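Heads up, the thing below is written out as structure tokens.
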Amino acid sequence: MRTNVRSIQTLVETELLPLPEALLNGKPAPERWSALECVEHLNRYCRYYNPALARALRHPAAARAEVQYSWLGRKSLDMVRPGSRKQHKTVKHMNPAGSLLTVAVLQEFLQHQKQLAALLQQAATADLNRKAVPVEFFRLLKLRTGEALEFVVLHEQRHVQQALRDVRQAQEAAL
């Protein structure tokens, strides 16, 4: 997963950060998100999940075990896999549609990526099967720490790919 986070970071730094703000705010269609809205959506999730993961990772593992997936974990991961074309309704407070955004969104995201990389390093000695990370939109449900880490990384991959597609489509529309 650390390699995936580095790859996400590199894509944002090389493919999105150099682009003009107007292009990053361009939408391929009125009902779609711009590239900056995609990344702002991820920032909103990072603001919740990074601290939740940090708390969960404070518990060392008695013995290193493979992550065991719960029904909730499997369902959550299937929803956010980058290859999945199925769109899901975003909860209102996580939906950045219509926001006035600047390149600061990308800079914040890169800071979150540094935090996530450090969390993944901590995960090497943590109990990844402990149900410790409340689901953001329904906090009574909890994901296992390993499931939550994988969810965050897959979710980021999905939306960074979406942001890159949206920028390409906005560029084509501008021609």
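The values are calculated or read from the model by the stated rules, or taken from the named source; none is laboratory data. Keep in mind it's a predicted model, so treat the numbers as computed, not measured. For neighbour counting, all protein chains shown are included, and Cβ atoms are generated from backbone atoms with ideal geometry for every residue, glycine included. Just so you know, the surface numbers come from the protein's heavy atoms only, side chains and all, with ligands and any DNA or RNA stripped out. Shrake-Rupley method; radii C 1.70, N 1.55, O 1.52, S 1.80 Å.
Values as computed for the structure displayed
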{"quantity": "From the coordinates shown, Rg and Dmax of the Cα atoms in Å corresponds to which of (1) 25.2, 79; (2) 17.1, 49; (3) 16.5, 58", "calculated": "(3)"}
{"quantity": "The stretch 1-158: relative contact order in percent, alpha carbon pairs under 8 Å with at least 6 residues between", "calculated": "39"}
{"quantity": "Whole-Å distance, taken between Cα centres, linking the stretch 36-61 and the stretch 119-175", "calculated": "8"}
{"quantity": "Filtered GluC sites (Glu not before Pro), the stretch 19-118: DSSP coil and at most 11 other beta carbons within 10 Å", "calculated": "GLU31, GLU66"}
{"quantity": "Protein accessible area in the chain, 1.4 Å probe - carbon and sulfur %", "calculated": "53"}
{"quantity": "In order through the stretch 70-75: 3J(HN,Hα) via Karplus (6.51 cos²θ - 1.76 cosθ + 1.60), integer Hz, x for Gly, Pro", "calculated": "8, 4, 5, x, 4, 5"}
{"quantity": "ARG130 long-range amide H proximity, modeled H, under 5 Å", "calculated": "THR145, GLY146"}
{"quantity": "In Hz, Karplus ³J(HN,Hα) per residue of the stretch 115-122 (6.51, -1.76, 1.60; θ = phi - 60°; x = Gly, Pro)", "calculated": "5, 5, 4, 5, 5, 5, 5, 4"}
{"quantity": "GLU172/MET79 FRET efficiency (R0 25 Å; Cβ-Cβ; nearest 0.05)", "calculated": "0.30"}
{"quantity": "Estimated inter-spin distance, LEU72 and ARG58, nm [label 7 Å along Cα→Cβ]", "calculated": "2.0"}
{"quantity": "Sequence-distant residues sharing a close amide H with VAL135 (under 5 Å, placed H)", "calculated": "LEU141, LYS142, LEU143"}
{"quantity": "Inter-label distance for ALA118 and THR10, nm, one decimal - labels placed 7 Å from Cα along Cα-to-Cβ", "calculated": "2.3"}
{"quantity": "About the Cα centre, charge dipole magnitude for the chain (Lys/Arg +1, Asp/Glu -1 at Cβ), debye", "calculated": "740"}
{"quantity": "Gyration tensor verdict on the stretch 80-155 (Cα atoms; rounded if a/c is under 1.5, prolate if a/b is larger than b/c, oblate otherwise)", "calculated": "oblate"}
{"quantity": "Selected from LEU106, LEU36, LEU11 as most flexible by GNM, with the chain as the system and alpha-carbon contacts under 10 Å", "calculated": "LEU11"}
{"quantity": "Cut-off under 5 Å, modelled amide H: who pairs with HIS59 long-range", "calculated": "ASP127"}
{"quantity": "Probe 1.4 Å, accessible area per residue of the stretch 1-90, Å²", "calculated": "59"}
{"quantity": "Filter on LYS92/LYS142; LYS27/LYS89; LYS27/LYS142; LYS89/LYS142 - keep pairs with C-alpha separation over 26 Å", "calculated": "LYS27/LYS142"}
